[in-house]
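Structure, as structure tokens:
Read-outs: derived from the displayed coordinates by stated rules, not from any lab. Remember, it's a predicted structure, so these values are computed and weren't measured experimentally. Here the Cβ positions follow ideal geometry from the backbone for every residue, glycine too, while neighbour counts run over all protein chains shown.
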Amino acid sequence: MVVNWPELETWGAVTACWTTGLAFLAFLFALVLKRGAMTWVGRGLMGAGLVGALVTLVARGLVAQHAPWSNLWESMVTLLFWVLVFYFVTEIWYRPRHFGLIASPLAFLTIASASMLPAGFKGAAPLMPALQSYWIKIHVVIIISSYAAFTMAFAAALGYFFFRWRAGSQALVSAGGPEVSHAADFNAQLAFFDELTYRLILLGFPLLMVGIITGAMWANNAWGTYWSWDPKETWSLITWFVYAAYLHARITHDWAGDKACGLAVLGFVAMLITYIGVNYLSSGLHSYGFIR
Amino acid sequence: MRRTMQAIVHSPVLARVRYTRRRRVVTVTAMMASNFRRRAIVFLGSLKLAIALLLLIAAASIIGTLIPQDQGPSVLETASFHPRLIQFLLAIKAYDVYHAAWFVALLTALFVNLAVCTWLRFPPTWRRYGLQWVARPKSTAEQDLLPLLGAPNAVRLDILRKRGFRVSEYAPQQYFVEKNKFVRLGPTLIHISLFAIMAGAIWGGLSGVNASIPIQVGESVRAEDIVRTARIRGPLSQPFAPFELKLDAFRIDFRPTGQVKQYYSRVMLTAPDAQTQTRQVWVNEPLIYRGVYFYQAFWGVAALSLTRNGQTERLSMTPAKTGAYMSSPFLVGGQEFLIFLRSLEEPALLVSTKNFEAVGQLVPGIETSLGSDRFGIDSYHLYSGFQVKHDPGIPLVYFGCGLLVMGLLMVPFRHRELWITQDGDHWVLMGRSHKGRVILKREMAQLAQVWNDHCIRGDGGGLNGRELAGT
């Protein structure tokens, strides 16, 4: 049987897009209608999205004959893959409540914005000379996995703010009522999501650091300098600085909660600029995913 | 704060401060001075300063990503900003932020902060690492406490041992249980490695050489010329050992689609005290000779051979805007022309210098006639550009990176300290972890459950395999 890889690639991406989108609806139903079973439907759909992303990556790798994370679209599919992997790691390990509700739209946005890219950023193309190195297999995949961990940390921070907001509105509703157990539950959820954010940043931070190191080694091999302050390098350092500040701030106890989660959101914004925003800023050595 | 104070009490510098204070006739000013010194050292190594510097450097770095960094102050002078803003940006050297004195000062401050912090905190960390047990904390405010239904015995303590905990009975009926103590050394390792990386970068800046050298095919360049014309030459840099680098050939491989596949330079390196070596250099594959790296970095058209009535002459080419080239002018039939080359894949244009209008197209190998003259382009002479670099700081930087990765591998692990002790007449499990109280609580609840299950079933029942493995 002859497998039509390009077609499989398209189908994988379309599947990932639909399933993550539908997963969001399932998680939403689970929350609004209080149907626990819908949560499992959502998780199943997220699982299908993971399979879709994996199929897309394998197919693209076979079509293009190089590591399937070499242009913007490919890197976004890789990001989706890692986001879903870390989503399931989080679900299995920490069992957070309503986490899918926050994670699924982030996954959906990743793949939906990837599919809306202009055709020039999507197609399988041969590598330009500077990218023809085994480092691309190492550096890019590590960096993107760190982005995914930070995305999930951002989701956990959103979870924190979500429960905070609910705790606030709940307090208004039940003002004067003896809802002590409810308040205790919300507090437990707040502490949990705060710590989940921290744990996920503890995962992303070493990955980002190793990503920067491998990038420096590649740069030293290809450009003759391990650090040249090009916009992408600088923004990755800025992201690193923000998360380093987060980790240091987290050591002092008064930085848990609002301030810490706020800093995690700031780190995510820096990460987004590193990943996407830099392409709009100015040209540099990392001008592969360029948006003109 | 408590933790900082602990660190200070144990630090060698403050021990010395206290010591000198005791020996001297303590005057009020001396006390104030030493107090100030202590406060200054605490501040320099403080977490607050670290966070402030990290965020400040992050914010400052943004400037350099918004304003082009390699074009000098002219970029700002011609910008359409408010004049005051331009003045300000010029004053802070926004066109070269990363080498501006104030930015380097911020980096230096971070360097000092890192050093002082490590110096203050390492001794207590190391001492703690050496301890086999730690007595249970008196205050239970920061600990989580869970009731245990039965007293410790060999089988029950095995529940903990099987899960990787180390158990020590440090006093009668007092057990200290811990796991992953090594994690405590992680931050120190990371800080020392960052120190090594920064030191390597500084050493490289002081003693490194970085040059951009174009070589035409068939020509060569000598070591001393590379060093002489280097773009960056550190004040402590040493001259290169003598060698001569000759470019034998330069080739660009294209894909069927017309995209560049790879640039290849075949070079020959001769040195008085080494064997002559011929090597192919391409992007991502530098030539390395005695710590000097030669990278394929750029290329261009240096000249072209023009045939005119059977004779060949050489015209030099100068780069025009956006990658195009212009030849030096030449006379044909009393009229002056030049050749304009946009890219090697396109025909060159024959341009009259009178009105700069294109009068014809030229393709290498095909002659055209103008008046009584027959002429054409014979071939283009390319040059290959090398980045030549010698950076003695790199081994230190890479050593730092290796340490860093080792330190980073520890980051996701957690150090847990548990105590099994008596609270009144009940047995309790107490615990603390520097990373994540919620997760620890959950883990402790699981441990307590297995423990209590065992107690309920009685000592004779023992534990089954599934319980040991945990869930």
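Based on DSSP loop calls and a cut-off of at most 11 other Cβ atoms within 10 Å, the longest stretch of chain B free of exposed GluC sites (Glu not before Pro) is what?
Numbers: sites that count: B:E142, B:E345.
Between exposed loop sites, the widest span is B:143-344.
In this structure, the residue pairs whose Cα-Cα separation is over 27 Å, taken from A:K137/B:K181; A:K34/B:K435; B:K321/B:K354; B:K246/B:K321; B:K48/B:K435; B:K48/B:K389, are A:K137/B:K181; A:K34/B:K435; B:K246/B:K321; B:K48/B:K389.
Using C-alpha positions alone, give me the convex hull volume of the protein assembly as shown per residue in cubic angstrom. Walk me through the numbers before you get to the answer.
Numbers: hull volume 214.1 nm³, N = 763.
It is 281 Å³ per residue.
When the Debye formula is applied to the Cα atoms of segment B:321-471, each taken as the same point scatterer, what base-10 log of I(q)/I(0) results at q = 0.09, 0.14, 0.18, 0.21 Å⁻¹? Values returned for q = 0.09, 0.14, 0.18, 0.21 Å⁻¹ are -0.60, -0.87, -1.11, -1.30.
Taking a straight Cα-Cα cut-off under 16 Å and skipping sequence neighbours fewer than 8 places away in the same chain, the aspartates and glutamates within cross-link reach of B:K441 are A:D185, A:D194, A:E195, B:E142, B:D144, B:E178, B:E417. The alpha-carbon of B:K93 sits under 16 angstrom from the alpha-carbons of these aspartates and glutamates, leaving out residues fewer than 8 places away in its chain: B:D70, B:E77.
Could you put B:V104, A:V2 in order, starting from the residue whose Cβ has the fewest other Cβ atoms within 10 Å?
On the way: B:V104 11, A:V2 4.
Placing the least packed residue first, the sequence is A:V2, B:V104.
Over segment A:1-121, the Kirkwood radius and the radius of gyration, each from Cα atoms, give a ratio Rg/Rh of 1.02. The phi-based Karplus calculation (6.51 cos²θ - 1.76 cosθ + 1.60; θ = phi - 60°) puts the 3J(HN,Hα) values of segment B:232-242 at 10, 9, x, x, 9, 5, 9, x, 5, 4, x Hz, whole numbers, x for Gly and Pro. For chain B, the longest principal axis of the alpha carbon atoms and the long axis of helix B:12-23 meet at an angle near 60°. The fraction of all Cα pairs in chain B landing in successive 10 Å bins from 0 to the largest distance is 3, 12, 15, 16, 15, 12, 10, 8, 5, 3, 1, 0, given as whole percents.
Taking Cα atoms only, the orientation of helix B:186-207 departs from the longest principal axis of chain B by about 30 degrees. Reducing segment B:393-424 and segment B:49-85 to their Cα centroids gives an inter-centroid distance of 36 Å. In a reduced charge model with +1 at each Lys and Arg Cβ and -1 at each Asp and Glu Cβ, the protein assembly as shown shows a dipole moment near 3260 debye about its Cα centre.
Just how large is the dipole of chain A about the Cα centre, in debye to the nearest 20, putting +1 at every Lys and Arg Cβ and -1 at every Asp and Glu Cβ? Present the calculation step by step, with values, prior to reporting the outcome.
Values: 15 positive and 12 negative charges, 54 e Å.
For chain A, the charge dipole is close to 260 debye.
Backbone phi angles across segment B:363-369, fed through the Karplus curve with coefficients 6.51, -1.76 and 1.60 (θ = phi - 60°), yield HN-Hα couplings of 10, x, x, 10, 8, 10, 10 Hz in residue order; Gly and Pro are listed as x. Relative to its residue count, segment B:262-403 spans a Cα convex hull of 164 Å³ per residue.
Answer rounded, prolate or oblate for chain A, using the Cα gyration tensor with square roots of eigenvalues a ≥ b ≥ c: rounded when a/c is under 1.5, else prolate when a/b is larger than b/c, else oblate.
Working: a/c = 2.59, a/b = 1.41, b/c = 1.83.
Oblate.
Axis angle, to the nearest 10 degrees, between helix B:101-130 and the longest C-alpha principal axis of chain B: 30 degrees. Distance from the alpha carbon centroid of segment B:253-303 to that of segment A:86-120 works out to 44 angstrom. What separates the Cα centres of segment A:196-227 and segment A:17-53 is a distance of 33 Å.
Go ahead and estimate [θ] at 222 nm for chain A from helices alone: -39,500 (n - 2.57) per DSSP H run with n ≥ 4, summed, over the residue count, rounded to 500. Mind dumping the intermediate values first?
Working: 9 runs with 219 residues, N = 292.
My calculation for chain A gives -26500 deg cm²/dmol from helical runs alone.
A simple count of charges around B:F375, restricted to other residues whose Cβ falls under 13 Å of its Cβ and scoring Lys, Arg +1 and Asp, Glu -1, yields -2.
Around the Cα centre of chain B, unit charges on the Cβ atoms of Lys, Arg, Asp and Glu (plus for the first two, minus for the last two) sum to a dipole of about 3260 debye. Taking the charge dipole of segment B:321-395 about its Cα centre, with +1 at Lys and Arg Cβ atoms and -1 at Asp and Glu Cβ atoms, the residue from B:H390, B:V332, B:V351 reaching farthest to the positive side is B:H390. Along the axis of the charge dipole computed for the protein assembly as shown (Cβ charges of +1 for Lys and Arg, -1 for Asp and Glu, origin at the Cα centre), the listed residues B:H191, A:S145, B:L66 are led at the positive end by B:H191.
Loop-resident trypsin sites (Lys or Arg not before Pro) (DSSP state other than H, G, I, E or B) in segment B:211-302 with no more than 16 further Cβ atoms inside 10 Å of their Cβ: B:R231, B:R290.
What Kirkwood hydrodynamic radius do you get for segment B:34-139 when you take the inverse of the mean 1/r over all pairs of distinct Cα atoms, in Å? Before the final figure, lay out the partial values.
On the way: mean 1/r = 0.0586 Å⁻¹.
About 17.1 Å for segment B:34-139.
The phi-based Karplus calculation (6.51 cos²θ - 1.76 cosθ + 1.60; θ = phi - 60°) puts the 3J(HN,Hα) values of segment B:281-296 at 10, 9, 4, 6, 9, x, 8, 10, 9, 6, x, 9, 9, 10, 10, 6 Hz, whole numbers, x for Gly and Pro. Toward the positive end of the charge dipole of the protein assembly as shown, with +1 on the Cβ of Lys and Arg and -1 on the Cβ of Asp and Glu, the farthest Cα among A:V85, A:I273, B:G150 is that of B:G150. Considering only A:F163, A:F154, A:F193, the mean-square fluctuation computed in a Gaussian network model of chain A, springs between alpha carbons under 10 angstrom, is largest for A:F163.
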